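Working notes, structure below.
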Amino acid sequence: MKKLMLGLFVAFGFSACSLNDGNNYVDCGANTVVNFTGFPFACNYSVKNMPNNPAVAVIASQEKMDEFFSKHANSCPVASDPNIDFTKQYLVGIFAGAKPTSGYDIVISSIVENNCEIVVNYHEKAPATGEVVTPSPTYPYDFVLIPKTSKGMIFNKTTETSDNIVIGSFNSNCTGGDCQKFFQINDYNTLKFLNVAAGQYDFNQYKYTPTIKKGEYTLFLKSVPAEILALKGQTKTYGSPDAADQGGIYFELRQGASVTKVFIDNNDTQDQSADIKLFKKAIQEKITSLK
């Protein structure tokens, strides 16, 4: 297993190192989960010099932030907060290096710490079979915010599937901070998306908080009705969700190159079979359990 030991000191401000170095590290006791926040970096920042080789970055000050990144006007449809309080947080980034086409990705999946170190677990994705890609170089990366720390860091590559499910409840006429509830369920963690705007379901533009729990995607996939699985990359709407302030349920299934999206009226409608109604209830109950 390839690991990179990164000694983190405030004086460094920024560190970038290859992910291909193998280093042993000392077991320093039991691991505990480090809470982090997903940061939609591309909405407000760009990297001045994108690394061609796999690398990591730890930013500990606004000065280093300004040195290595350019700030630009928000490029996402929804408002995003670009500010970071470096007295409380560090920005941790991981770069996959140059890739020949689109379809590649790199994801920080979990972070744990023990008495002497922080372990950042990540995995990578290559284009899936049948996935349409753009034949030009891409530079995948991921950024998260972590609590300020003086411990060294290890970046640990894991093997995870990129398949996932997104479930949500929405109501465009509802006012308040928790009207749109959306979660991504995969087999290594569950993400709660923050401040989702009605009708804006590109989830790369939202901050998120993770809950580390294994196997949730595989378990929830068993409850998906055959008629939804048969859609295989299509989008379907049951009833007229949110047409009369009744809201609706959102379901998205990503399997390889296939992305299936379903919108379900909160009211039972004639086009909802018994299986769809049961599945709608299962999503509602899952959302209640997650929030």
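Here are the numbers for this structure:
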quantity: Cα coordinate range in the chain, projected on the principal axes (Å, largest first); calculated: 63, 44, 37
quantity: Solvent-free Debye scattering, log10 I(q)/I(0), computed from the Cα coordinates of region 97-139 at q = 0.24 Å⁻¹; calculated: -0.81
quantity: Percentage relative contact order, region 108-192, counting C-alpha pairs under 8 Å, at least six apart; calculated: 28 percent
quantity: Proximal lysine pairs, region 35-124, alpha carbons under 18 Å, eight or more residues apart or interchain; calculated: 4
quantity: Solvent exposure of region 136-181 as accessible area per residue, Å², 1.4 Å probe; calculated: 42 Å²
quantity: Relative contact order computed over region 133-262 (Cα-Cα under 8 Å; 6+ residues apart), in percent; calculated: 26 percent
quantity: Sorted peptide list for 54-62, 76-84, criterion being average Cβ within 10 angstrom, highest first; calculated: 54-62, 76-84
quantity: Shape call, region 115-206: gyration tensor on alpha carbons, a/c limit 1.5; calculated: oblate
quantity: Three-way shape call for region 152-291 based on the alpha-carbon gyration tensor, with the a/c threshold at 1.5; calculated: oblate
quantity: Accessible area per residue in Å² at 1.4 Å probe, computed on region 72-112; calculated: 40 Å²
quantity: Region 40-183: relative contact order in percent, alpha carbon pairs under 8 Å with at least 6 residues between; calculated: 23 percent
quantity: All lysines inside 18 Å of LYS214 as judged from Cα atoms, apart from same-chain residues fewer than 8 positions distant; calculated: LYS157, LYS192, LYS222, LYS286, LYS291
quantity: Accessible area of the chain belonging to carbon and sulfur atoms, whole % at 1.4 Å probe; calculated: 49 percent
quantity: D_trans [Stokes-Einstein, Kirkwood Rh over alpha-carbon pairs] for region 221-291, 25 °C, 0.890 mPa s, µm² s⁻¹; calculated: 195 µm²/s
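The values are calculated or read from the model by the stated rules, or taken from the named source; none is laboratory data. Keep in mind it's a predicted model, so treat the numbers as computed, not measured. Backbone-built Cβ (ideal geometry, glycine too); neighbour counts: all protein chains shown. The protein model used for the area step is the full one, side chains on, heavy atoms only, and it has no ligands, DNA or RNA in it. Shrake-Rupley method; radii C 1.70, N 1.55, O 1.52, S 1.80 Å.
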